[in-house]
Amino acid sequence: MSEKFETLLKVIDSLKIPSMLSLFEGNKDRFCKAPASSKYHGSYPGGLIDHTMLVMSICTYLYKFDTKNIKGTTHESLIKCAALHDFGKVGTKEQDFYIPDPSSQKYIQNKNDIHLDHEHLSLYWINLYSIPLTAEEIKCISYHAGSYSPAFTLYKETPQHILLSTADNMAAKIYNI
């Protein structure tokens with residue numbers, strides 16, 4: 001097992017959510033091999049775990065930078081959302097979300113069976129493993145892509161959402177992971 005995955009499991013274990021630990025342990029091969037995107041950030045085998053770890057690290061940094069002024073969230077809740085926000089990029093139990101593009105060395109989204117975005121697929125996995133979420137955590141995972149989410153205008157941003165969305169954007173657009 002990779003050192004990154006071991007580190008991820010330690011962080012998840014510290015959240016004391018056994019069902020979340022089961023999700024990651026039970027799907028480690030797919031999670032550790034999946035790309036984070038088709039052709040943008042982390043579009044390589046293992047990109048998803050790299051991206052997830054970076055988002056978690058950035059969230060921790062941003063949270064600890066000014067803990068006193070961040071209202072309505074906890075570090076544990078933020079890390080929980082960061083760990084789960086892109087899990088849907090593994091696909092469903094039966095199908096991968098991204099498949100190799102036969103015409104290039106990149107990936108394409110699997111259109112054969114999966115007709116959900118990765119945010120809803122993340123919620124699918126969370127439901128399968130009975131991971132408890134607050135309404136705020138569901139919103140954060142659903143709209144973590146910020147203005148790139150089609151229904152984003154329906155959602156009022158909160159400090160937790162802004163932290164997760166910022167960390168996700170930094171990881172994807174600044175660090176390209």
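FYI, it's all coordinate maths here, none of it is from the lab. Just so you know, these numbers come straight off a predicted model, no measurement behind them. Note that we place each Cβ from the backbone using ideal geometry, even for glycine, and neighbour counts take in every protein chain shown.
Answer yes or no: is there a residue in the range 147-168 that is acidic (Asp, Glu), in contact (Cβ under 8 Å) with a residue 60 or more places away in the chain and part of a helix (DSSP H, G or I). Checked against the condition, which is being acidic (Asp, Glu), in contact (Cβ under 8 Å) with a residue 60 or more places away in the chain and part of a helix (DSSP H, G or I), the range 147-168 yields at least one hit. Scanning the range 19-62 for residues that are touching a strand residue (DSSP E or B) at 6+ places or on another chain (Cβ under 8 Å) and among the small types (Gly, Ala, Ser), we see that the one that is surrounded by the most Cβ atoms within 10 Å (Cβ to Cβ) is Ala34. Pairs meeting the criteria (first residue in the range 1-25 and farther than 14 Å from Ser130 by Cα, second residue assigned to a loop (DSSP other than H, G, I, E, B) and hydrophobic (A, V, I, L, M, F, W, C), beta carbons under 9 Å, at least 6 apart or on different chains) are Leu9/Met1.
Every condition in (1) under 22 Å from His41 (Cβ atoms); (2) not in a helix (DSSP H, G or I) is met by Ala172 except one, and the failing one is (2). Take Ile131 and decide whether it is part of a loop (DSSP other than H, G, I, E, B) and touching a Gly at 6+ places or on another chain (Cβ under 8 Å). The answer is no for Ile131.
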